[in-house]
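First the structure, in the form of structure tokens, and then the observations on it.
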Amino acid sequence: MTDDDTSDSVVIERVFPAPPESIWRLWTEPEHFAAWYGPSGASVRVITMDVRVGGRRLLHMEVMTPNGAMQMWFAGEYREVVENQRLVYTDFMADENGNTLSPELTGMPEGHPTTTEVRVELKNIEGSTRLVLTHVGIPAGSPGAVGWAMALDKLEALVAGGDEA
């Protein structure tokens, strides 16, 4: 995947009334990340978040559905870490040990990639932060895109409430 490879991607831009250092901590410190990540109603537990190039990540998410709690595991590897500016990591559905699960095993539609890439870019704009999120491999309008919009709404509420790091 290259920086220009954003077809079939979610791209969301938001401006947060906090400096990039604060938004960076909300993305890279497990206790802060777990507070906002995931769609509305999701409970997230960070198992591993080794934010360095080659470092691994493993998250457990529980989402309540009409049929009860749905358990999901997400894992990946950090590819690029430029503090307060750019974070790039792979993302895939996994088991509780971080082993990759095929899209078919997780109920994803045919053609869904096994591994996707998340890019987070932060830019200081007069004390605020412009965040551009690109999730390559998750099409706009998909449930994943809706989940990201909900998560960023939660991040926005956290920052607006003054609870950012």
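FYI, it's all coordinate maths here, none of it is from the lab. Since the model is a prediction, treat every value here as computed from it, not as a measurement. Because the Cβ atoms are built from the backbone with ideal geometry, glycine has one as well, and the counts that use them run over all protein chains shown.
The table below gives the values:
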| item | result |
| --- | --- |
| The stretch 88-140: relative contact order in percent, alpha carbon pairs under 8 Å with at least 6 residues between | 31 |
| The chain, relative contact order in percent, only Cα pairs under 8 angstrom and at least six apart counted | 30 |
| Calculated [θ] (222 nm, deg cm²/dmol) that DSSP helices of n ≥ 4 give over the chain, each run adding -39,500 (n - 2.57) | -6500 deg cm²/dmol |
| Neighbourhood net charge (14 Å Cβ-Cβ; Lys/Arg +1, Asp/Glu -1) for residue 93 | -3 |
| Student exercise, the chain dipole from Lys, Arg, Asp, Glu Cβ charges, in Debye to nearest 20 | 200 |
